[in-house]
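Here is the structure we will look at.
Nothing in this text is a laboratory measurement; each read-out follows from the coordinates by a stated rule. Here the structure is a predicted model, which means the values were calculated and not measured. Positions of Cβ are generated from backbone atoms using ideal geometry, with glycine treated the same way; all protein chains shown enter the neighbour counts.
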Amino acid sequence: MAEQESVNALLSNAYESLTSVDIGAASELFDKALAEDFEHPEVLWSLKCANFWSERLGRLDSMQNPYERGEYVLAQWKAFSSFISKLGAGFDRARYAFKGFAFSLALSFYRELSADEGESREADLALRIGMCLKGSGDYSGALRSLESAARERRDDADALAQLADAYALGGDERTSKALFREAFFLGAGRIDIDFLECETIRRLASKVASLGYSGAELLEWMPVYGTLLGLFSVKRELKAVEAGKLRQSIYQLENEVKEGRDERALLVPRLINRYFWLVDHCVQVKEDRSKIAETLLKIRLLDPAIHKQYTA
């Protein structure tokens, strides 16, 4: 019992060191915990994670620019996420501690940028800082930074998705759902879901992956199944100019699908999602039912199974 208490104390102290962005101190504590119990699963798991970061952070010495360093750390977080998925059953407090370490470290580099360099990258920096604040658990700070990034980059699907994620983590599900719907419409393929933590989006990605989709195809099908599963249920009325652009994009996509381009696997779900938006718009403005029926027929011709689920 005393040995177990000692190991738990060492682990807790190690996680505190990670929170303080001190991977060296954390590694030493993990080593001490291992000496107490060579078979402790959480110690072994955490040591592997610490070794992952220790090996990669040595490369930071060759990078002079703080922005480059921040980008490197975020890239390693993506690699780390893949790494721990292969380790099997994880430990929540360990994963949370390493997540805090990675995003706090990246944040420290972004904040090292000089005033002139920060100003030249203002919108991009606001996005990166918002992502880091979100990853380290500061949701209110993340919202402020991501709101700024989204205002400056109105057509940036990833910035909007990051903002939606921050709203979800902060407990505002309604705003989150509305923004996620907009983000995936703007450009599903430009969203980096590795940096999204919202449980709703994670479940949606898992659902689409279980259907055999991956990579770019998975991203394009996410808004389709998000609609079918009722996850993208918070909608707004389109302005006249937006409705016009929607119809124009549908016309263009229809032609591209007819041409049988190589990227048809991406174009079909993108077109179906736009059909969903068009149906919603027609319902909201009380357009003639024949227009809705025409769009539903187009969905059925593209994918009968999706049509059946959508109209059920």
Using alpha-carbon coordinates, inclination of helix 139-152 to the longest axis of the chain, degrees: 50
Estimated FRET transfer efficiency when R0 is 30 angstrom, pair residue 262-residue 301 (beta carbons, to 0.05): 0.90
Over region 156-312, relative contact order from alpha-carbon pairs under 8 Å, at least 6 apart, %: 18
Highest-MSF residue in the chain out of 203, 95, 270 [GNM, Cα springs under 10 Å]: 203
Residue among 219, 296, 143 with the largest mean-square fluctuation in a Gaussian network model of the chain, springs linking Cα atoms under 10 Å: 296
Two-site label geometry, residue 190 and residue 292: point separation in nm, points 7 Å out along Cα→Cβ: 3.2
Computed [θ] at 222 nm, deg cm²/dmol, the chain (DSSP H ≥ 4; -39,500 (n - 2.57); rounded to nearest 500): -25000 deg cm²/dmol
Average Cα contact separation per residue, region 32-109, under 8 Å, 6 or more apart, as relative contact order %: 38
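What translational D, rounded to a whole number of µm²/s, comes out for the chain from Stokes-Einstein when the hydrodynamic radius is the Kirkwood one over Cα pairs, at 25 °C and 0.890 mPa s? The partial results should precede the final answer.
On the way: Rh = 21.8 Å.
Diffusion coefficient, whole number: 113 µm²/s.
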Euclidean distance of C-alpha centroids, region 156-178 and region 25-103, integer Å: 27
Residue 123 versus residue 85: modelled label distance in nm, points set 7 Å from Cα along the beta carbon direction: 3.0
Separation in nanometres of the label points that stand 7 Å from Cα toward Cβ, at residue 247 and residue 234: 3.0
Reach of residue 32 by Cα under 30 Å, taken over lysines that are not fewer than 8 positions away in the same chain: 48, 78, 86, 99
Calculated log₁₀ intensity ratio I(q)/I(0) where the Debye formula runs over C-alpha points of region 1-112, q = 0.13, 0.23 Å⁻¹: -0.48, -1.28
Under 18 Å from the Cα of residue 286 - aspartates and glutamates, other chains or at least 8 residues apart: 237, 242, 294
Rounded to 10°, Cα long-axis angle of helix 215-228 versus longest principal axis of the chain: 60
